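This report concerns only the one structure given below.
The values are calculated or read from the model by the stated rules, or taken from the named source; none is laboratory data. Keep in mind it's a predicted model, so treat the numbers as computed, not measured. Methodologically, a virtual Cβ is constructed for each residue, glycine included, from the backbone with ideal geometry; neighbour enumeration extends over all protein chains shown.
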Amino acid sequence: MYYTDRGIEELEQRRGEEEVTLAWLADQLRIFTDIHPEHETAVERLATWLARPDDEDE
């Protein structure tokens, strides 16, 4: 189990029943990056990966 799995599991347990939009998610990622600029690269990679699910080459 990766360390991040705990955070993912907590997210699913606490908010798994909620429905959100991609616009809401984008806003949350921007807020997180503003608060934690040292994680900008990881957030950018995640956002790009989520935006391009059919691009198998990347």
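Any residue in segment 31-48 that's closer than 19 Å to residue 8 by Cα and without any contact (Cβ under 8 Å) to a residue 60 or more places away in the chain: show its pairings with residues that are surrounded by 11 or more Cβ atoms within 10 Å (Cβ to Cβ) and among the aliphatic types (A, V, I, L, M) at Cβ separation under 8 Å, as long as the two are six or more apart or on different chains.
The qualifying pairs are 32/43; 33/43; 43/29; 46/29; 47/26; 47/29.
Is it true that some residue in segment 42-54 is at pLDDT 90 or above and assigned to a loop (DSSP other than H, G, I, E, B)?
We begin by selecting, within segment 42-54, every residue at pLDDT 90 or above; these are 42-52.
Imposing the further condition that a residue be assigned to a loop (DSSP other than H, G, I, E, B) reduces the set to 52.
The answer is yes; a qualifying residue exists.
Name the residues in segment 7-58 that are β-branched (Val, Ile, Thr) and either on the phi > 0 side of the Ramachandran plot or under 13 Å from the mean Cα position of the chain (by Cα) (or both), would you?
8, 20, 21, 31, 33, 41, 43, 48
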